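Novice: If you scroll down you'll find the structure; I have some questions about it.
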Amino acid sequence: MENMNTFEMAKVYAPKEMEERIYKMWEESGAFKPKMVKGKKPFTIVMPPPNITGQLHVGHALDEMPQDVLIRYHRMKGDPTLWVPGTDHAAIATEVKVVEALQKEGLTKKDLGREKFLDRVWDWRKEYGGRIVQQLRKLGVSCDWSRERFTMDAGLSKAVRETFVNLYEKDLIYQGWRMINWCPCCKTSISDAEVEYEEQAGNFWHILYPVKETGEMIELATTRPETMLGDTAVAINAEDERYKHLHGCHVILPLINREIPIVLDEHADMTKGTGVVKITPAHDPNDYEVGKRHGLPMVRVFTYDGHMTGAAEAKENADLIASGRATKDEPVVLDCGKYAGMTTQEARKAIVADMTELGCLKKVEPLTHEVGTCYRCHQTIEPMVSKQWFVKMEPLAKPAVQVVKEGKLRFIPDRFEKVYLNWMENTRDWCISRQLWWGHRIPAFYCDDCGSVHVTREDIDKCPNCGGKVWQDEDVLDTWFSSALWPFSTLGWPEKTEDLAYFYPNSVLSCGYDIIFFWLARMVFSGLEQMGECPFEVALMHGLVRDAQGRKMSKSLGNGIDPLEVIEKYGADALRFSLEIGVAPGSDVRMSHEKIETYRNFANKIWNASRFALMNMQGFEPKGVPSADKLALSDKWMLKRFNDIVREITNNLESFDLGMAATNLYDFIWSNFCDWYIEMAKHELNGDDPEAKNAAQETLIYVLTGLLKLLHPYMPFITEELYSYLPGHEGMLITSSWPAANPEHDFTEDAEQMEAVMEIIRAARNLRAEMKVNASKRATLILKPAPALEKAFRAAEGYFMRLAAASNVEYLAPDAPNPEKSASAVTPGASLFIPLGELVDVDKEIARLNKDLKNAEGEVSRAEGKLNNQGFVAKAPAALIEQEKAKLEKAKGLVLSIAERIKELESLK
RNA sequence: GGGGUUAUAGCUCAGUUGGUCAGAGCGUUACGUUGACAUCGUAAAGGUCGAUGGUUCGAGCCCAUUUAACCCCACCA
């Protein structure tokens, strides 16, 4: 490919035109597909599948970044690298969207019926499901789209079914009546993990129940008076002296005059309130347990859509019991009479009013308490007793705890290990059935004739026992049940595919810490159970995106950042970099347009640095690696520093310090490469020594090529584009090889000399700035160098002239008198003088030098203190002591030189 | 109630196993357009690393106590 004429390169980097073109080139070239090599360890990540309902938001961008960085790094390293993308059917979220769409047409789910409704969801999916996947491409994700999966596609549905049947056969899935979390808004059960607790203002209602045997009133407190109609006991503690006389007595429930027993139970805490607690087994998890201990009846008073039950529900329930299809575990439904049909909130008001009228309300005490809400719709959760399917967690959790304790699964940062273990060690059975239509239908078939239940891999229509007609369970599975299988279901399981054998277990799983319980934990035990191996070795956690003030981004606050808009304006690379740079693993990221702009500017910097390099390549044929003999001091310094940064970035990536690697790259490219090296190289490039020029060209291209490679995982588009312009490039950057440090370029000594030169340049600039010398006014730079460095300084004259505005450089012997009327400074490598004639004010000169002297003296006393400390000398490592000694010598020398200079100036006064 | 995170320059944050008189970006100030880049350059100002005590020759980093903010988990009637 011919080198691009640099005149065609725009002065300003314009991402918009190139990103789409480059992405298309990558995708069509097959660069995203792994090169499977037998015996070579692959690097695999599965992408957390975004919901098909999703619109790309900046949280997705943050989610993809660490993955794409690692994937691109490993691909360049030469590992067989696979990143599997896909989408999640998102049972509730999607169903809600489609129901809403129907509502606009005046239709309900029931109007359509199950089959037609599902057709509508698939239509919806066809229309919108691909949207998020197209949007992800704009971020530059380099996943293998040919392996894209969907949690509801045929293969994954098979995996779900296989898993369900496996667990059922092992007795790890069971069906039963249990206390579950019910969302009256979504009208489905949800798992414990899906309940979010919110602090809410509420009341403590102190109410009075009359005791039948003694006629006295006992006081108890409740936060939910509307549940009292479902009370089937009152509990006191057996040890409670206050109530010993009530053992065996009963109370008459006001409002409905139901007689219920007073039971003795440890749940009643003597130290809390009055020590008396009402027991509503059908609507409170604690009371449910108490009820089971005492064989109390369960009375349900709420409907599944959040109203008080009435005659209709009660009759239905009675019929069910009469038909024998209800079990003893099923609550009896109460006709709540005058309260029937009220919402629970309305009932609360009415019941409190009626109790007040009866004189049964003693007092109301305001309090704030944690209320469970649904993570989807944020409505209050009602605990209900309901027949559901559960995964038995204890046997599954055990190995999932083990793998972490044995270090087979490592969390980054490791504090999340504790979060994970705490959950895994205490988790309760997982309620997996959902009263929805969109999702994987539970493969359980019921025979009404013989009452048997059959869980099968293939659908059946006849009862295997009696040949009677069977019907399938109406419910579907929790959407997380299918995503729990993602690391192996996407590779073809339960089929024994080549992909599965090669890419399982995965290498890394990266996700936000907010889905550790929903997803990560469940993948671990599912992988262990179905595959016998932990699904990944490393769990790399990231945080949440916040706005500039640290608030969560939300629609209501309007503080969101639209990634598509940002990409349009600043480019995907700028967005990507701003999400990664300086972010410690697992911590939240603040985002703002200003921040993204900063890294757009960085992209522009690289663009222009490359433009500069290309402008200076006329007639240049790169040989690949610069050889030592013709290299200038600055070239050697650059090559040495490049070695350093290659090692540093590689180490950082290996240890998952992605934010650190980005910071290092930013600093290195801007400061070392652009501000220093390019500026110095201009001397050779514009000089009349063709060999020196060639060496600078060689170095410039070598280092620039390497830097583009190092930066590529973070800023894939601009680096790919620039790489294509470089002389000597081959193929695409995305599939090029990761740079390695070249030991022949470890020019340590030359680099030190260069640093001494740089120090003089800084000092000279400082002097000029302080003396307010116009930048365009050149002046003689007089050096009194340390003898060992004079040669290096003479070689660096061009840099002094170019970077320190020196008109010429003169040298003084160590014992020569210092020039008069000069601004001066002292560096370890040399004293420098800039004769500025009348501009020099001796008093100011002395003042400034005194400041420097003070600093140097401070350093001397610090180093001396250290070296005089017996403990330090005895215990510190030898290298450190040597270093300290060297520093002391240096500082002492400085003190002497500065003091001498001051003395000299004093005498001039 | 249990667990966790954070506290470093005006703002946002780095600082990897304790060892170069504490770093960056933005902001501020002063200069500056000499053909890569004003989406830029040069220089400067600015911090007793939340507080107290301890371990150590040596602490921003380790330990204890403490203050403040935030987060997660938990069935507190």
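Novice: So, how do all the Cα-to-Cα distances of the range A:787-836 break down into 10 Å bins, in percent, from 0 on up?
Specialist: Reading the bins upward from 0: 22, 61, 17.
Novice: More than 19 Å apart: what percent of Cα pairs in the range A:300-359 qualify?
Specialist: Value for the range A:300-359 (Cα pairs over 19 Å): 37 percent.
Novice: Please give the Cα centre distance for the range A:495-528 versus the range A:280-313, rounded to the nearest Å.
Specialist: What the calculation gives is 39 Å, centre to centre.
Novice: Moving to a separate point now. Between their Cα atoms, which of A:640/A:890; A:138/A:555; A:109/A:469; A:338/A:362; A:552/A:595; A:784/A:892 are more than 19 Å away from each other?
Specialist: In this structure, A:640/A:890; A:138/A:555; A:109/A:469; A:338/A:362 exceed 19 Å between Cα atoms.
Novice: Apply the a/c threshold of 1.5 to the C-alpha gyration tensor of the range A:414-560 and tell me whether it is rounded, prolate or oblate.
Specialist: The shape class here is prolate.
Novice: Would you list which lysines come within 23 Å of residue A:405, measuring only between C-alpha atoms, while excluding same-chain residues fewer than 8 positions from it?
Specialist: A:392, A:418
Novice: Once the dipole of chain A is set up with Lys and Arg at +1 and Asp and Glu at -1 on Cβ about the Cα centre, which of A:728, A:227, A:632 lies farthest towards its positive end?
Specialist: A:632
Novice: Once phi is turned into θ = phi - 60°, what whole-Hz ³J(HN,Hα) does the Karplus curve with 6.51, -1.76 and 1.60 give for every residue of the range A:187-192, x standing for Gly and Pro?
Specialist: 6, 8, 6, 9, 7, 4
Novice: Moving on to the next point. Rank these for me by crowding, A:249, A:336, going from fewest to most other beta carbons within 10 Å.
Specialist: A:249, A:336
Novice: Something else about it: In percent, what relative contact order does the range A:366-499 have, based on Cα pairs under 8 Å that are 6 or more apart in sequence?
Specialist: 19
Novice: Taking amide hydrogens as modeled 1.01 Å from N in the peptide plane, which residues meet the under 5 Å criterion relative to residue A:587, leaving out close sequence neighbours?
Specialist: Those qualifying (amide H under 5 Å, at least 5 residues apart or on another chain) are A:543.
Novice: To continue, here is another question. What are the ³J(HN,Hα) couplings of the range A:212-220, residue after residue, when phi is run through the Karplus curve with 6.51, -1.76, 1.60 and θ = phi - 60°? Round to Hz, x for glycine and proline.
Specialist: Each residue's phi maps through the Karplus curve to give 5, 6, 10, x, 6, 9, 9, 9, 9 Hz.
Novice: While we're here: Taking 2.2 N^0.38 Å as the expected size of a compact globular protein, what ratio does the Cα radius of gyration of the range A:439-525 give against it, to two decimals?
Specialist: Compared with the compact-globule rule of thumb, the range A:439-525 sits at 1.46.
Novice: How would you classify the range A:339-379 from its alpha-carbon gyration tensor, with a ≥ b ≥ c the square roots of the eigenvalues: rounded for a/c under 1.5, else prolate if a/b is greater than b/c, otherwise oblate?
Specialist: Because a/c hits 1.5 or more and a/b fails to exceed b/c, the range A:339-379 counts as oblate.
Novice: Nothing charged except the Cβ atoms of Lys and Arg (+1) and of Asp and Glu (-1): what's the magnitude of the dipole of chain A about its Cα centre? Round to the nearest 20 debye.
Specialist: In total the dipole reaches around 800 debye.
Novice: Express as a percent, rounded to the nearest 5, the fraction of DSSP beta bridges in chain A (both residues included) that run antiparallel.
Specialist: In chain A, approximately 70 percent of DSSP beta bridges are antiparallel ones.
Novice: Moving on. Using the number of other C-beta atoms within 10 angstrom as an exposure proxy, rank A:748, A:343 with the fewest first.
Specialist: The most exposed by this proxy come first: A:748, A:343.
Novice: Could you work out the helix-only [θ] at 222 nm for chain A, with each DSSP H run of four or more residues adding -39,500 (n - 2.57) and the total divided by the number of residues, to the nearest 500 deg cm²/dmol?
Specialist: Only helices count here, giving -13500 deg cm²/dmol.
Novice: Here's a follow-up. Test of understanding: ordering A:638, A:355, A:217 by Cβ neighbours within 10 Å, fewest first, what list do you get?
Specialist: Fewest-to-most ranking of A:638, A:355, A:217: A:217, A:355, A:638.
Novice: Still on this structure, I have one more. To the nearest µm²/s, what D does Stokes-Einstein give for the range A:80-225 at 4 °C and 1.567 mPa s, using the Kirkwood radius over alpha carbon pairs as Rh?
Specialist: Answer from the Stokes-Einstein relation: 63 µm²/s.
Novice: Starting from the amide H of residue A:82, placed 1.01 Å from N in the peptide plane, find each other amide H under 5 Å away whose residue is 5 or more places distant or on another chain.
Specialist: Residues meeting the criterion, in which the H sits 1.01 Å from N, are A:43, A:44, A:45.
Novice: Show me, for the range A:292-303, the HN-Hα J-couplings you get by feeding each phi into the Karplus relation (A = 6.51, B = -1.76, C = 1.60, θ = phi - 60°), rounded to Hz, glycine and proline as x.
Specialist: Per residue, the Karplus-derived 3J(HN,Hα) values read 5, 5, 10, x, 7, x, 9, 10, 8, 10, 10, 7 Hz.
Novice: Quick check: Cα centre of the range A:1-71 to Cα centre of the range A:201-274, how many Å?
Specialist: Cα centres, the range A:1-71 to the range A:201-274: 65 Å.
Novice: Which three extents, in whole angstrom, do the alpha-carbon atoms of the range A:547-637 cover along their principal axes, largest first?
Specialist: 64, 28, 17 Å, listed from the longest principal axis down.
Novice: If you average the alpha carbon positions of the range A:870-909 and of the range A:107-133, how far apart do those two centres end up, in angstrom?
Specialist: 79
Novice: For chain A, what percent of Cα pairs sit more than 52 Å apart?
Specialist: 39
Novice: Can you list the residues, at least 5 places off or on another chain, whose amide H is less than 5 Å from the amide H of residue A:253, using H built in the peptide plane?
Specialist: Amide H to amide H, under 5 Å and 5 or more residues apart or across chains, residue A:253 pairs with A:258, A:259, A:260.
Taken together, the values in this text are just the output of simple stated rules run on the coordinates, not laboratory data. The structure displayed is predicted, hence computed values, not measured ones. Using ideal geometry, Cβ is built from the backbone for each residue, glycine included, and neighbour counts are taken over all protein chains shown.
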